[in-house]
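Each remark here refers to the structure printed beneath this line.
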Amino acid sequence: MSNAIAAHKHRTRLHVLRDRLKRALRDEKRGLAGAAERVIAHRAKRVEYRAANP
């Protein structure tokens with residue numbers, strides 16, 4: 001795999017994780033059911049990915 005492809009996959013993954021967290025935070029602010037659990041789960045996934053891929 002070329003470096004450009006690997007970098008693109010990494011960047012894409014970061015953006016997906018960021019967007020999921022932002023969407024969950026927005027839903028939590030709007031009072032949707034299950035949003036608080038999603039915030040916790042998505043935040044943990046993002047921290048886990050960042051720790052594994054500094």
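The values are calculated or read from the model by the stated rules, or taken from the named source; none is laboratory data. None of these values were measured; they are calculated from a predicted model. Please note: Cβ atoms are built from the backbone with ideal geometry, for glycine as well, and neighbour counts cover all protein chains shown. For the accessible areas, the whole protein counts, side chains as well, though only heavy atoms, and no ligand, DNA or RNA atoms are used. Shrake-Rupley method; radii C 1.70, N 1.55, O 1.52, S 1.80 Å.
Across the range 25-47, what is the total count of residues that are more than 10 Å from the chain's Cα centre (by Cα) and in a helix (DSSP H, G or I)? Steps first, answer last, please.
Going residue by residue through the range 25-47, those that are more than 10 Å from the chain's Cα centre (by Cα) are 25-38, 40.
Remaining after also requiring in a helix (DSSP H, G or I): 25-30, 35-38, 40.
Looking only at that region, the number is 11.
Scan the range 10-36 and report the pairs whose first residue is over 12 Å from ARG46 (Cα atoms) and whose second residue is open to solvent by less than 90 Å² (accessible area, probe 1.4 Å) and of a type in the set (Asp, Glu), with Cβ atoms within less than 7 Å and a gap of 6+ or a chain change.
Note: pairs meeting the criteria are ALA35/ASP27; ALA35/GLU28; ALA36/GLU28.
Taking the condition open to solvent by 100 Å² or more (accessible area, probe 1.4 Å), in a helix (DSSP H, G or I) and touching a helix residue (DSSP H, G or I) at 6+ places or on another chain (Cβ under 8 Å), does ARG11 pass? Can you show your working first?
Numbers: open to solvent by 100 Å² or more (accessible area, probe 1.4 Å): yes; in a helix (DSSP H, G or I): yes; touching a helix residue (DSSP H, G or I) at 6+ places or on another chain (Cβ under 8 Å): no.
Answer is no for this residue.
Would you pick out the residues in the range 14-30 that are open to solvent by less than 60 Å² (accessible area, probe 1.4 Å) and either more than 27 Å from PRO54 (Cα to Cα) or in contact with a strand residue (DSSP E or B) (Cβ under 7 Å, 6 or more places away or on another chain) (or both)?
ASP27
Open to solvent by 60 Å² or more (accessible area, probe 1.4 Å), of a type outside the set (Val, Ile, Thr) and at pLDDT 95 or above: is that true of LYS45 in this structure? Before the answer, list the steps.
Numbers: open to solvent by 60 Å² or more (accessible area, probe 1.4 Å): yes; of a type outside the set (Val, Ile, Thr): yes; at pLDDT 95 or above: yes.
So LYS45 passes the test.
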